[in-house]
Amino acid sequence: MNHAAVGRWIELGDGVFARRYSELDLSVGLVLGTERCLVVDTRGDAEQGAEFAAAVREITPLPWTVVLTHDHYDHAHGVSAFLPCAVWAHQACWDALQDVEQVRDRMSARVVESDTELDLGGRRVLLRHPGVAHTAGDVVVHVPDVGVLFAGDLVEHVPGGSFSAESFGDDTALAGWPAALSALLELDITTVVPGHGEPTDPEFIRTCRDILSALLTLRRAVRAGELTHADAVARSPLPEDVTLAALTKPVA
Ligand SMILES: [Zn+2]
């Protein structure tokens, strides 16, 4: 298989890569140390995971560790292709990942605490849970020496803007999302890899935070009976379908 035809590598810094897919506009990642590499997310099923694993092997022969930014299938369900290995995720992500139960005996499941530091050999990587936002178990991956942040779906950089209706699911906590992005803005970063879309810069995180804050204000007004859904849609910075998903789906 010609893997270049499926996905596309982007080198963001020395030994730090994003891999882009046209399907779902997905972005996954790879961070190289001298002793091991870290794979950020795994794509959506065993076949897609196998493609990504083979693409990683075209870059490096180093043993890998996997980190899952959250439990959504398009990020997590390719994990079987990387086993056996250690897999890092937030406890809430593990709790939600019933679908990978059948492969759990081949993985060494590790739980990301608020800040977890990994040593890849000559390179330190920080795994961080910035709070309950896109899901209860969001994890971001910070590579300090090159100023790169893999943000998972806390940041989505869709063509022409930010967020899609799929950004706001039944498991989303809209109320916590702006604060989670504020926490990311305190990091010393120059490049942000979103869960979907092209790599961008920290200023885009600020834009996303302001959009979410505006949505929260609209939602409060709707809940208080001060605005109708139609009023909120008219005042929203986002398209109608995205706004309605944000107003109606999140758990908090
Ligand atoms: Zn997601």
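State all residues of the stretch 97-141 that are within 22 Å of residue 82 (Cα to Cα), within 16 Å of the ligand (Cβ to nearest atom) and small (Gly, Ala, Ser); if no residue qualifies, say none. The one that is within 22 Å of residue 82 (Cα to Cα), within 16 Å of the ligand (Cβ to nearest atom) and small (Gly, Ala, Ser): 137. Scanning the stretch 47-61 for residues that are surrounded by 15 or more Cβ atoms within 10 Å (Cβ to Cβ) and either touching a His at 6+ places or on another chain (Cβ under 9 Å) or in contact (Cβ under 8 Å) with a residue 60 or more places away in the chain (or both) gives 48, 49, 51, 52, 55.
Contact annotation: residue pairs with Cβ atoms under 6 Å, 6 or more positions apart or on different chains, pairing a residue in the stretch 23-43 that is at positive phi with a partner that is among the aliphatic types (A, V, I, L, M) and open to solvent by less than 10 Å² (accessible area, probe 1.4 Å), are 41/28.
Residues that are within 16 Å of the ligand (Cβ to nearest atom) and of a type in the set (D, E, K, R) within the stretch 143-176 comprise 153, 156, 166, 170, 171, listed in sequence order.
Only residues that are farther than 12 Å from residue 29 by Cα, within 16 Å of the ligand (Cβ to nearest atom) and not aromatic (Phe, Trp, Tyr): list them for the stretch 48-79, please. Result: 48, 70, 71, 72, 74, 76, 77, 78, 79. Taken together, 56, 66, 87, 31 contain a single residue that is of a type in the set (A, V, I, L, M) and not in a strand (DSSP E or B), which is 56.
Residue by residue, here is whether (1) within 16 Å of the ligand (Cβ to nearest atom); (2) part of a helix (DSSP H, G or I); (3) surrounded by fewer than 17 Cβ atoms within 10 Å (Cβ to Cβ); (4) under 20 Å from the mean Cα position of the chain (by Cα) holds:
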site: 178; (1), (2), (3), (4): no, yes, no, yes
site: 182; (1), (2), (3), (4): no, yes, yes, yes
site: 187; (1), (2), (3), (4): no, no, no, yes
site: 203; (1), (2), (3), (4): no, yes, yes, yes
site: 206; (1), (2), (3), (4): no, yes, yes, yes
site: 219; (1), (2), (3), (4): no, yes, no, no
site: 225; (1), (2), (3), (4): no, no, yes, no
site: 234; (1), (2), (3), (4): no, yes, yes, no
site: 238; (1), (2), (3), (4): no, no, no, no
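Residues of the stretch 97-130 being buried (at least 19 other Cβ atoms within 10 Å of the Cβ) and either assigned to a loop (DSSP other than H, G, I, E, B) or out of contact with any helix residue (DSSP H, G or I) (no Cβ under 7 Å at 6 or more places or on another chain) (or both), which ones? Matches in the stretch 97-130: 97, 112, 118, 120, 123, 125, 127, 128, 129, 130.
Which residues, taken from the stretch 21-46, are open to solvent by 20 Å² or more (accessible area, probe 1.4 Å) and of a type outside the set (A, V, I, L, M, F, W, C)? Full working, then the answer.
Filtering the stretch 21-46 down to residues open to solvent by 20 Å² or more (accessible area, probe 1.4 Å) leaves 22-25, 32, 34-36, 45-46.
Across the stretch 21-46, the qualifying residues are 22, 23, 25, 34, 35, 36, 45.
The values are calculated or read from the model by the stated rules, or taken from the named source; none is laboratory data. None of these values were measured; they are calculated from a predicted model. Virtual Cβ from ideal backbone geometry, glycine too; neighbours counted across all protein chains shown. Please note that ligands, DNA and RNA were not included when accessible areas were found on the heavy atoms of the full protein model with its side chains. Shrake-Rupley method; radii C 1.70, N 1.55, O 1.52, S 1.80 Å.
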